[in-house]
Amino acid sequence: MSESVDTLFINAIVLTMDEKFTYYEHGCLAVRDDSIVAVGEEASLKEQFTANEVVDCQGKVLMPGLINAHTHAAMVLLRGLADDLRLDVWLMGYMMPVEREFVSPEFVRLGTQLACAEMIHSGVTCFADMYYFEEHVARATAEAGMRAVLGQTVLKFPSPDAAYYEESLAAARQFILGWKGHHLIVPSVAPHAPYTCPPEILKACSELAVEFDVPLHIHISETARKWKTCATKTGCPWCRMSKKQRLFEAKVLAAHCVHIDDGEIKTLVNHKAGVAHNPSSKLKLASGFAPVSKMINAGLNVGIGTDGAASNNDLDMFEEIRLAAFIAKVHTNDPTVLPAQTALAMATRLGAKALHIGHLTGTLEVGKRADLILDSSPPWMKQPC
Ligand SMILES: [Zn+2]
């Protein structure tokens with residue numbers, strides 16, 4: 001007797017993006033509630049399952065939804081506001097002052113809604129965010145039906161939603177308490193960066209993340225200038241400094257990691273930290289090239305992110321995947337580095353692991369959530385009708 005499921009996706013080229021890159025030319029996928037029950041060859045699965053709904057994928061590619069590993073969703077409303085500037089001038093001279101003046105719950109709600117629409121359009125089903133009024137980011141994201149790891153920002157300066165850091169830390173605690181256990185949203189705490197968070201803030205954020213067993217999202221080693229500042233102030237590289245504050249006791253998602261050495265890569269590996277590589281944003285701000293293939297070869301889970309739309313200026317993940325592959329090649333002067341399937345794995349399986357939600361999403365495997373996309377191929381790849 002056949003087993004009953006809610007939906008059967010048939011007639012698909014199924015890319016599972018699992019460790020072995022298993023795919024099925026004549027593939028099929030069975031879903032019950034929000035989870036994958038089976039994946040395999042169509043002939044076999046059709047015998048095993050009856051479904052309330054059958055979706056004919058018409059020979060298109062069915063694969064895991066893309067994961068945008070680092071963004072500031074609501075910043076779509078600041079897109080193009082201040083281009084062609086150095087990071088510190090852009091951030092401290094333009095973005096932060098504008099945000100303090102204009103960012104409100106309404107701004108965040110509308111910006112996140114727009115960002116979700118833009119991300120869904122480019123095949124994204126899950127993202128990691130770091131911003132203010134994160135409660136409103138969470139509501140808009142859940143309404144859009146997207147999965148996300150959302151970080152309430154904590155930093156030493158007055159911010160749009162906190163006059164001082166203790167207030168932003170208290171807001172992060174409230175946010176985590178309110179959303180922990182939600183079926184789509186994983187709340188987290190986001191100390192902005194080592195250069196905007198003194199040691200006591202990093203330590204407090206780490207303790208909060210450990211207390212609730214949630215991820216900690218932070219910008220790390222974004223530019224050579226920031227690396228030097230951090231090293232000069234603390235007398236040691238950011239990584240050793242962060243270790244001192246026990247930052248890595250938390251499940252860290254480190255955005256950028258552009259200027260890091262072998263020892264720092266080792267530290268990230270030892271602490272199972274995830275990394276978000278942001279190709280467009282680093283090109284635009286001329287921050288340098290992250291040693292992506294080195295990090296992956298060392299065993300790090302490196303995902304791909306768009307960063308905020310103000311430093312990109314879009315949220316197109318397929319563009320980021322292409323750039324990630326190409327930049328790694330030119331950076332190492334080796335065209336065999338970061339092949340296409342690795343770049344795609346960064347935007348799916350590795351990205352999910354970098355966000356510390358690899359048990360939920362990132363591959364099409366039994367037990368994972370059915371976060372699916374169908375046929376995101378560009379027009380030149382489409383079959384004539
Ligand atoms: Zn960022």
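Just to verify a result, which residue in the stretch 330-345, among those that are hydroxyl-bearing (S, T, Y) and part of a helix (DSSP H, G or I), is surrounded by the most Cβ atoms within 10 Å (Cβ to Cβ)? Out of the qualifying residues, it is T342.
Here H182, H136, H121 are screened, and the one residue that is modelled with pLDDT under 95 and either over 30 Å from L374 (Cβ atoms) or not β-branched (V, I, T) (or both) is H121.
Within the stretch 143-156, can one find any residue that is crowded, with 24+ Cβ neighbours inside 10 Å, polar (S, T, N, Q) and not in a helix (DSSP H, G or I)? Checked against the condition, which is being crowded, with 24+ Cβ neighbours inside 10 Å, polar (S, T, N, Q) and not in a helix (DSSP H, G or I), the stretch 143-156 yields at least one hit.
Residue count for the stretch 104-118, restricted to those that are within 15 Å of the ligand (Cβ to nearest atom) and aliphatic (A, V, I, L, M): 1. Scanning the stretch 66-92 for residues that are crowded, with 18+ Cβ neighbours inside 10 Å and aliphatic (A, V, I, L, M) turns up L66, I67, A69, A73, A74, M75, V76, L77, L78, L87, L91. Here V98, V14, V37 are screened, and the one residue that is at negative phi and touching a Gly at 6+ places or on another chain (Cβ under 6 Å) is V14. Of all residues in the stretch 173-198, those satisfying the criterion of being surrounded by 16 or more Cβ atoms within 10 Å (Cβ to Cβ) and farther than 19 Å from S159 by Cβ are W179, L184, I185, V186. State whether the residues of the stretch 291-299 include one that is open to solvent by less than 10 Å² (accessible area, probe 1.4 Å), assigned to a loop (DSSP other than H, G, I, E, B) and assigned by TED's automatic domain parsing to the domain that holds T125. No, there is no match, as no residue in the stretch 291-299 is open to solvent by less than 10 Å² (accessible area, probe 1.4 Å), assigned to a loop (DSSP other than H, G, I, E, B) and assigned by TED's automatic domain parsing to the domain that holds T125. Do you know which residues across the stretch 233-277 are out of contact with any Cys (no Cβ under 6 Å at 6 or more places or on another chain) and modelled with pLDDT under 75? Matches in the stretch 233-277: K233, T234, G235, C236, P237, C239, R240, M241, S242, K243, K244, Q245. Could you look through the stretch 263-295, keep only residues that are closer than 21 Å to V330 by Cβ and of a type in the set (D, E, K, R), and pick out the one that is farthest from the ligand (Cβ to nearest atom)? Selected residue: K294.
All conditions in (1) more than 16 Å from the chain's Cα centre (by Cα); (2) away from the ligand (no atom under 16 Å from the Cβ); (3) assigned to a loop (DSSP other than H, G, I, E, B) hold for I327, with the sole exception of (3).
Within the stretch 32-90, how many residues are in contact (Cβ under 8 Å) with a residue 40 or more places away in the chain, more than 16 Å from the ligand (Cβ to nearest atom), small (G, A, S) and not in a loop (DSSP other than H, G, I, E, B)? Residues in the stretch 32-90 being in contact (Cβ under 8 Å) with a residue 40 or more places away in the chain, more than 16 Å from the ligand (Cβ to nearest atom), small (G, A, S) and not in a loop (DSSP other than H, G, I, E, B): 3 in total. Selection of the stretch 168-210 for residues being of a type in the set (S, T, N, Q) and assigned to a helix (DSSP H, G or I) yields S168, Q174, S206. Scanning the stretch 346-360 for residues that are closer than 13 Å to I304 by Cβ and not in a helix (DSSP H, G or I) yields A347, T348, L355.
Listed here are the residues, each with its yes/no results for (1) surrounded by fewer than 18 Cβ atoms within 10 Å (Cβ to Cβ); (2) outside any loop (DSSP other than H, G, I, E, B).
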{"position": "L253", "(1), (2)": "no, yes"}
{"position": "H259", "(1), (2)": "no, no"}
{"position": "G263", "(1), (2)": "yes, yes"}
{"position": "V275", "(1), (2)": "no, yes"}
{"position": "S280", "(1), (2)": "no, yes"}
{"position": "S287", "(1), (2)": "no, no"}
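The values are calculated or read from the model by the stated rules, or taken from the named source; none is laboratory data. Because the structure is predicted, anything quoted here is derived from the model rather than measured. Glycine also receives a Cβ, built like all others from the backbone with ideal geometry; neighbour counts cover every protein chain displayed. For accessibility, only protein heavy atoms count, side chains too; no ligands or nucleic acids. Shrake-Rupley method; radii C 1.70, N 1.55, O 1.52, S 1.80 Å.
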